[in-house]
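Working notes for the structure below.
Values quoted throughout were computed directly from the atomic coordinates according to the rules given, and no laboratory measurement underlies them. If you're wondering where the values come from, they're calculated on a predicted model, not measured in any experiment. Cβ placement follows ideal geometry from the backbone for every residue including glycine, while neighbour counts extend to all protein chains displayed.
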């Protein structure tokens with residue numbers, strides 16, 4: 001399985017360039033992917049978290065794309081794969097789309113024919129970020145934070161210091177320097193004073209971005225922007241007349257449902273491949289699902 005997966009990945013690695021980007025033109029008609037795979041060379045002092053942030057990736061993204069690499073000491077001179085090619089999520093390409101298993105946001109600025117994407121930190125198990133449709137209701141630079149009763153109670157139960165009634169703007173504010181509020185009560189997009197948590201499930205349900213990413217996104221997102229939060233661990237899409245699958249770790253609380261959910265996905269793959277006179281490569285598909293590295297893997301062949 002692993003060897004077969006690597007064979008499918010090698011053509012993408014031909015696109016290695018120097019630095020990844022976070023903003024892309026929309027793909028040409030008939031295509032669903034943006035970006036290219038990059039690589040970088042680890043320095044002695046680098047950790048995977050350092051490399052991830054420098055490449056606008058989250059921790060789990062880069063760790064999954066480099067299985068077996070020591071996250072704290074990757075080894076000087078080691079080539080690190082940067083998973084900076086993405087299949088756009090299914091559904092309307094408008095407003096903000098947040099894919100929870102992918103730990104990533106996609107923003108389609110109205111009228112620009114472009115897409116912006118950044119890594120996210122989301123709610124941990126027990127404090128899961130909900131799915132659904134909502135919208136941006138407000139924005140605030142240098143926000144203050146009023147800890148809700150549920151977080152205060154958790155802090156007390158864990159023996160932590162009591163939280164103040166209001167945390168003012170500044171380096172101790174967990175909202176960071178910018179906040180984008182949603183109509184979904186109690187949830188917002190915001191920066192963070194703990195950037196190492198981006199790309200992991202560590203929050204109480206809110207959605208964290210790197211400080212530099214929220215600062216860049218903040219002025220571009222108008223109030224009223226639609227927001228769609230989805231749970232899509234497996235994305236399929238087209239590139240150059242071939243079908244690809246991009247697999248991510250399913251959310252832990254939905255693992256028991258994933259086996260059943262693969263049946264309709266297989267049916268979609270079979271039907272779409274048939275329409276283009278292609279044959280699904282089920283071995284490549286299964287390898288991608290069993291070893292989710294977050295990189296698009298080709299899953300069709302000519303008959």
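Once the piece of chain linking residue 291 and residue 21 is laid out straight, how much longer is it, given 0.36 nm per residue of separation minus the C-alpha distance between them?
Values: separation 270, 0.36 × 270 = 97.20 nm, distance 2.54 nm.
Roughly 94.7 nm would be gained on extension.
Quick check on the exposure proxy: order 178, 190 from fewest to most C-beta atoms within 10 angstrom.
178, 190
Order these by the 10 Å Cβ neighbour count, fewest first: 238, 282.
282, 238
Quote the FRET efficiency, to the nearest 0.05, computed for residue 144 versus residue 185 with a Förster distance R0 of 30 Å and r equal to the Cβ-Cβ distance.
Plugging the Cβ-Cβ distance into 1/(1 + (r/R0)^6) gives 0.95.
For 39, 117, which order do you get if you count the other beta carbons within 10 Å of each Cβ and list the fewest first?
By the 10 Å Cβ count, ascending: 39, 117.
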